[in-house]
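Below is one structure, written out as structure tokens; comments come after it.
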Protein chains: 2
Amino acid sequence: MSQILKGMRVVESSAFVAVPLAGMTLAQMGAEVIRFDRIGGGLDHTRWPVAPNGQSLFWDGLNKGKKSIAVDMKSAQGKELITRIVTAPGEDAGLFITNLAVKGWLDHASLSQHRADMITVTLTGDRQGHPQVDYTVNPSLGIPHMTGPEGYADPVAHALPAWDVAAGQMVVSALLAAERNRLRRGTGQDVTFSLKDVAAATIGHLGLIAEAALTGKARGKSGNALYGAYGQDFVCSDGKRIMVIGLTERQWLGLVRMTGTEAAMARLADCTGRDLCDEGARFALRHDITGILKPWFAVRPSKVAGQECDKAGVTWSQFRSIPEALAEDPDLSEDNPMFRVLNHPGVGRYPVPGSPLNFSGYARTDPVPAPALGAHTEEILGDVVGLSDTEIAGLFDAGIVQSAAPRRSCRTAA
Amino acid sequence: MSQILKGMRVVESSAFVAVPLAGMTLAQMGAEVIRFDRIGGGLDHTRWPVAPNGQSLFWDGLNKGKKSIAVDMKSAQGKELITRIVTAPGEDAGLFITNLAVKGWLDHASLSQHRADMITVTLTGDRQGHPQVDYTVNPSLGIPHMTGPEGYADPVAHALPAWDVAAGQMVVSALLAAERNRLRRGTGQDVTFSLKDVAAATIGHLGLIAEAALTGKARGKSGNALYGAYGQDFVCSDGKRIMVIGLTERQWLGLVRMTGTEAAMARLADCTGRDLCDEGARFALRHDITGILKPWFAVRPSKVAGQECDKAGVTWSQFRSIPEALAEDPDLSEDNPMFRVLNHPGVGRYPVPGSPLNFSGYARTDPVPAPALGAHTEEILGDVVGLSDTEIAGLFDAGIVQSAAPRRSCRTAA
């Protein structure tokens, strides 16, 4: 049951997606991850989606396999406890990740006074330190402007917190890089970056900033078309919609052969003077190409069309809702070794993902559910801080710490 | 000019986003990254967006700071050269990342015969090894189904290859975790994972699979609204659109105070019997809330509304296109130390991002442009493979390798 990061201890102070995801990714690779929260739970303790009983499925999803301690951090004693947990000795400890504004007692300089080789990774909203979320970063960088149906006037938001997800994975990389460096040089590291910089760098890496700077033009919306080559959605005879990809030359030629549209494509190339083996020409002529391909899909049920795609080596998929995907796709079931169906008391059974990563030297381990808030308070105070049972009892009596608090279904009113 | 991963050598065989992004991320952290391609360039060598002269801005964006070698891999000599580059000795070498189907001479088992502690990270499309792209993964997992304006019937695609970006960062984490393990135990590692599993795991982590399993219902489209709490776009008196966030209680109460809508919100709470400090109630009542807030934004120019938000501690941003963002936002200029405006001969000048990560122990280094295809062929054959000048000349004469090929503006017809 050993895993590749076994022995590493990471402490996390976080809310919402990025850093919780980072901590969970490390936990699913075998690290001991301690998340600490204020008593009653942090900002994301009731975040939607929620189960019918009100419990946050979001919190349960992003805190799997962690240890949880709940501490009154307004008290001096609470601050001292947290400092001792974060800076506890151990070659593979002294690792702290956070996306909460931690100025003062929890910042890198303060922690380094307790442990000189401390590694801290801090994610902020923007580089000035203000809060930002995907919902604000995207509009400011032009993403909703280029999302949505062709001709639709208004900006359209992504449904996924994509930058949060990417930033969370970068917290993991940054931590591992800094720890690699510490192992060789013995030095700590204060790593900082922002969600907005992750987004700005990524759109630069994808060529979008260069495109805007060189052409001065905003990329228009292109609906469900694959940008810059060919890829389009088609409605089949059973009313189901599938996505078909002609990105590479092999995929494109396979698509043309499969649909028997060689002659029509040759006529289109002749009329327009464009070579359809040039991926850019396929994008420019996508509406004509779609017009040629449409009848083939319109007379075939989606299942048959998909089977033909498989035979022809054409990359494709079916559009569906998440419940439909859950019902139909073995990749979201225990047929996929990444998933295990777990029972969550009071909530129900559902498939829970482990890490997508397969390491040849380590057998896959089953995903471990999220702890109840404070479930490991006692254990951590004993094992990590080294307190006696009497000292721990005193902290509980004084209300400085809390164990396994009942889940709240919603925040109390202000 | 040293960087945190200096001394590490990674070899990359790739196309498109995920693995090129992973290699570039490692290069921007100081690793020596060698990307090898077939003569004439790989599948992504002309990928859009392209510059007015036809050069791929996508390729230039995702291969910054790497070394490039072009080799005829159909020849036995070419295969041997690549094997020697990938498995070359060095404590910090023997690291290979790929998203191309490498069965046979380039797979982990074959490479391990040349270097027993070889680390290989392979990203496939799905867990069965088939090609998949964001454009197919998203429909199959229900993302376009929940994206787009409320009431819009058809699925709406994301404009960003979000899974590719996340998977690329996971290639980095997986490589660093495997190398950390090798440093301690001396063992190599064959790491495999798939784009679709990254997506499936992530929607699970975000609670979307649990939600679908427990309710059986598909999450509907919610336009530009923030899901599960309050956040909405508003058109200001100058016609510009801004996004305003009331996710946390602090943001929400700030928004109500700023707009002076306390009484109206109290009436809404009374009429509905809901507590607006419950984030879920804010989402359920978002249309009513938006109706109450709208007049405040409608009479203020976006600049004034933004200033008020800043004063009130309300998180917000402005909708704009990428060219507008480039013109207006200092975060996309050299005011942001992450960006440098570089001149690309034959293409033009534009802001180029370095790594978003700031390591306290290492000064930020300027981004390095992508190489021309094959620009380092000679250097790599000499320094890494250890060939003599005569041997290298022989390889060029035989057409087994190519140096600094002229950029192609489009693929030749099949």
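Residues that are over 16 Å from the mean Cα position of the chain (by Cα), assigned to a helix (DSSP H, G or I), within 24 Å of B:TYR230 (Cα to Cα) and facing another protein chain (nearest Cβ under 7 Å): does the range A:128-136 have at least one? Within the range A:128-136 (the criterion being over 16 Å from the mean Cα position of the chain (by Cα), assigned to a helix (DSSP H, G or I), within 24 Å of B:TYR230 (Cα to Cα) and facing another protein chain (nearest Cβ under 7 Å)), the answer is yes, since at least one residue qualifies.
In this structure, does B:SER14 turn out to be closer than 26 Å to B:GLY90 by Cα, more than 10 Å from every other protein chain (Cβ to nearest Cβ), of a type in the set (Ser, Thr, Tyr) and surrounded by fewer than 22 Cβ atoms within 10 Å (Cβ to Cβ)? No; evaluated as a whole, the condition is false for this residue. A count restricted to the range A:376-403 and to residues that are within 13 Å of A:ARG38 (Cα to Cα) and of a type in the set (A, V, I, L, M) stands at 2. Looking at (1) assigned to a helix (DSSP H, G or I); (2) open to solvent by 20 Å² or more (accessible area, probe 1.4 Å); (3) under 30 Å from A:THR215 (Cβ atoms), which one does B:PRO295 not meet, given that it meets all the others? If we test B:PRO295 against (1) assigned to a helix (DSSP H, G or I); (2) open to solvent by 20 Å² or more (accessible area, probe 1.4 Å); (3) under 30 Å from A:THR215 (Cβ atoms), just (3) comes out false. Please verify whether the range A:174-188 includes one or more residues that are outside the structural domain of A:SER110 (by TED's automatic domain parsing), open to solvent by less than 10 Å² (accessible area, probe 1.4 Å) and touching a residue at least 24 places away in the same chain (Cβ under 8 Å). No; the residues of the range A:174-188 include none that is outside the structural domain of A:SER110 (by TED's automatic domain parsing), open to solvent by less than 10 Å² (accessible area, probe 1.4 Å) and touching a residue at least 24 places away in the same chain (Cβ under 8 Å).
Taking the range A:138-169 as the region of interest, how many residues are outside any loop (DSSP other than H, G, I, E, B) and facing chain B (nearest Cβ under 7 Å)? The total comes to 9. Return yes when A:GLY216 is out of contact with any Phe, Trp or Tyr (no Cβ under 7 Å at 6 or more places or on another chain), open to solvent by 20 Å² or more (accessible area, probe 1.4 Å) and under 26 Å from B:LEU332 (Cβ atoms) and no when it is not. Taking the combined requirement at face value, the residue satisfies it. All conditions in (1) more than 13 Å from chain A (Cβ to nearest Cβ); (2) surrounded by 15 or more Cβ atoms within 10 Å (Cβ to Cβ); (3) at positive phi hold for B:GLY223, with the sole exception of (1). Before we move on, is A:GLN113 surrounded by fewer than 21 Cβ atoms within 10 Å (Cβ to Cβ) and at the interface with chain B (Cβ under 10 Å from one of its Cβ atoms)? When the stated conditions are applied, A:GLN113 does not pass them.
Which of the residues spanning the range B:35-63 are aliphatic (A, V, I, L, M) and in contact with a Ser or Thr (Cβ under 8 Å, 6 or more places away or on another chain)?
The answer is B:LEU43, B:VAL50.
For the range A:241-248, the condition of being free of Cβ contacts under 8 Å to residues at least 40 places away in the same chain and part of a helix (DSSP H, G or I) holds for none of the residues.
Of everything in the range B:75-89 that is free of Cβ contacts under 8 Å to residues at least 40 places away in the same chain and either in a helix (DSSP H, G or I) or not assigned by TED's automatic domain parsing to the domain that holds B:GLY41 (or both), the residue that is nearest to B:ASN181 (Cα to Cα) is B:THR83. Do we find a residue being without any contact (Cβ under 8 Å) to a residue 12 or more places away in the chain, over 25 Å from A:LEU247 (Cβ atoms), at the interface with chain A (Cβ under 7 Å from one of its Cβ atoms) and not in a helix (DSSP H, G or I) anywhere in the range B:190-209? Scanning the range B:190-209, I find at least one residue that is without any contact (Cβ under 8 Å) to a residue 12 or more places away in the chain, over 25 Å from A:LEU247 (Cβ atoms), at the interface with chain A (Cβ under 7 Å from one of its Cβ atoms) and not in a helix (DSSP H, G or I), so the answer is yes.
One line per residue, one yes/no per condition, for (1) farther than 18 Å from B:VAL401 by Cα; (2) among the β-branched types (Val, Ile, Thr):
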residue: B:ALA22; (1), (2): yes, no
residue: B:GLY30; (1), (2): yes, no
residue: B:ILE34; (1), (2): no, yes
residue: B:GLY40; (1), (2): no, no
residue: B:PRO49; (1), (2): yes, no
residue: B:ASP60; (1), (2): yes, no
residue: B:ILE69; (1), (2): no, yes
residue: B:ALA76; (1), (2): no, no
residue: B:PRO89; (1), (2): yes, no
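Summed over the range A:40-64, residues that are in a loop (DSSP other than H, G, I, E, B), more than 16 Å from the chain's Cα centre (by Cα) and not hydrophobic (A, V, I, L, M, F, W, C) total 9. You will find that of B:ASP92, B:ASP72, the residue that is in the same structural domain as B:LEU176 (by TED's automatic domain parsing), touching a residue at least 40 places away in the same chain (Cβ under 8 Å), surrounded by fewer than 24 Cβ atoms within 10 Å (Cβ to Cβ) and farther than 20 Å from B:VAL10 by Cβ is B:ASP72 and no other. Out of curiosity, is A:ALA225 in a loop (DSSP other than H, G, I, E, B) and over 25 Å from A:VAL299 (Cβ atoms)? For A:ALA225, the condition - in a loop (DSSP other than H, G, I, E, B) and over 25 Å from A:VAL299 (Cβ atoms) - is not met. Can you work out which of the residues in the range B:2-39 that are in a strand (DSSP E or B), in contact (Cβ under 8 Å) with a residue 40 or more places away in the chain and under 20 Å from the mean Cα position of the chain (by Cα) is farthest from A:GLN251 (Cα to Cα)? Ranking the qualifying residues of the range B:2-39, first place goes to B:VAL10. Annotation note: of A:GLY65, A:GLY104, the sole residue that is without any contact (Cβ under 8 Å) to a residue 24 or more places away in the chain and not hydroxyl-bearing (Ser, Thr, Tyr) is A:GLY104.
Select from the range B:233-245 the residues that are open to solvent by 30 Å² or more (accessible area, probe 1.4 Å), more than 8 Å from chain A (Cβ to nearest Cβ) and not β-branched (Val, Ile, Thr) and list them in ascending order. Of everything in the range B:233-245, those that are open to solvent by 30 Å² or more (accessible area, probe 1.4 Å), more than 8 Å from chain A (Cβ to nearest Cβ) and not β-branched (Val, Ile, Thr) turn out to be B:SER237, B:ASP238, B:GLY239, B:LYS240.
Among residues of the range A:287-326 being under 23 Å from the mean Cα position of the chain (by Cα) and not hydroxyl-bearing (Ser, Thr, Tyr), the one that is farthest from B:GLY216 (Cα to Cα) is A:GLN318.
The values are calculated or read from the model by the stated rules, or taken from the named source; none is laboratory data. From a predicted model like this one, the values you see are computed outputs, not experimental measurements. Note: ideal-geometry Cβ built from the backbone for every residue, glycine included; neighbour counts use all protein chains shown. These area figures cover heavy atoms from the full protein model, side chains too; ligands, DNA and RNA do not enter into them. Shrake-Rupley method; radii C 1.70, N 1.55, O 1.52, S 1.80 Å.
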